[in-house]
1. Taking residue 108 and the conditions (1) in contact with a Lys or Arg (Cβ under 8 Å, 6 or more places away or on another chain); (2) surrounded by 19 or more Cβ atoms within 10 Å (Cβ to Cβ); (3) farther than 29 Å from residue 156 by Cβ, which numbered condition does it fall short on, given that it satisfies the others?
2. For region 117-137, give me each residue that is touching a residue at least 24 places away in the same chain (Cβ under 8 Å) and more than 13 Å from residue 92 (Cα to Cα).
3. Are any of the residues in region 19-36 loosely packed, with under 15 Cβ neighbours inside 10 Å and under 21 Å from residue 130 (Cα atoms)?
4. If you take the residues of region 1-32 that are assigned to a loop (DSSP other than H, G, I, E, B) and either free of Cβ contacts under 8 Å to residues at least 24 places away in the same chain or within 25 Å of residue 89 (Cβ to Cβ) (or both), which of them is nearest to the chain's Cα centre (by Cα)?
5. Quick one: which helices (runs of 4 or more DSSP H) lie wholly within region 49-134 and hold at least 1 residues that are of a type in the set (Lys, Arg) and more than 18 Å from residue 1 (Cβ to Cβ)?
Amino acid sequence: MRIGHGYDAHRFAAGERLVLGGVEIAHDKGLAAHSDGDVVLHALCDALIGASGRGDIGQHFPDHDPSYANIDSRILLRKVVADLGEAGLTVGNADVTVIAEEPRLSGYITQMRTNIAADLGVDAARVNVKATTTEKMGFIGRAEGIAAHAVVLLEE
């Protein structure tokens, strides 16, 4: 077994879409990023890549590469999973924490889990997504952005 941890954060920006866990969320601001800014899937990709000992998401999908501009992060996640499969690794489970003061995410969690499970090729019971706040502390508490942590277990 191999364990990986990932983290990502992006700042809010007017005129951008807000996408988390592959779900577009209605909000007056989105996340500034080279791709779609999906911190949930970026943290998850980083955890998977880390557990496999293959560096980090920036090495695999650099933000200076125009081919990744505005890309759907679900495409990146599926590519990471395919690469793991070629290396003989499968996902045991994934646990993701989204940290956001706004918007409220409880109504989107089930669809995030469904999307992630589909992209990982596992049953939804092996994927957990939860949301929390920072009780108005720090950049997240000031509603300047959103962050996510992910932990995964890979099996050889």
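The values are calculated or read from the model by the stated rules, or taken from the named source; none is laboratory data. Model, not experiment: these values are computed from the prediction. Every residue, glycine among them, receives a Cβ derived from its backbone with ideal geometry; neighbour counts consider all protein chains shown.
1. Of (1) in contact with a Lys or Arg (Cβ under 8 Å, 6 or more places away or on another chain); (2) surrounded by 19 or more Cβ atoms within 10 Å (Cβ to Cβ); (3) farther than 29 Å from residue 156 by Cβ, only one is false for residue 108: (1).
2. 119, 129, 130, 131, 132, 133, 134, 136
3. Within region 19-36, one or more residues are loosely packed, with under 15 Cβ neighbours inside 10 Å and under 21 Å from residue 130 (Cα atoms).
4. If we take residues in region 1-32 being assigned to a loop (DSSP other than H, G, I, E, B) and either free of Cβ contacts under 8 Å to residues at least 24 places away in the same chain or within 25 Å of residue 89 (Cβ to Cβ) (or both), then 21 is nearest to the chain's Cα centre (by Cα).
5. The helices (runs of 4 or more DSSP H) meeting that bar are 73-86, 109-120.
For every residue, the table says whether it meets (1) in contact with a helix residue (DSSP H, G or I) (Cβ under 7 Å, 6 or more places away or on another chain); (2) of a type outside the set (A, V, I, L, M, F, W, C); (3) more than 15 Å from residue 61 (Cα to Cα).
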position	(1), (2), (3)
1	no, no, yes
4	yes, yes, yes
11	no, yes, yes
14	no, no, yes
38	yes, yes, no
42	yes, yes, no
48	yes, no, no
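Conditions (1) surrounded by fewer than 20 Cβ atoms within 10 Å (Cβ to Cβ); (2) at pLDDT below 95; (3) within 14 Å of the chain's Cα centre (by Cα); (4) over 24 Å from residue 11 (Cα atoms), marked per residue:
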position	(1), (2), (3), (4)
48	no, no, yes, no
62	yes, yes, no, no
79	yes, no, yes, yes
98	no, no, yes, no
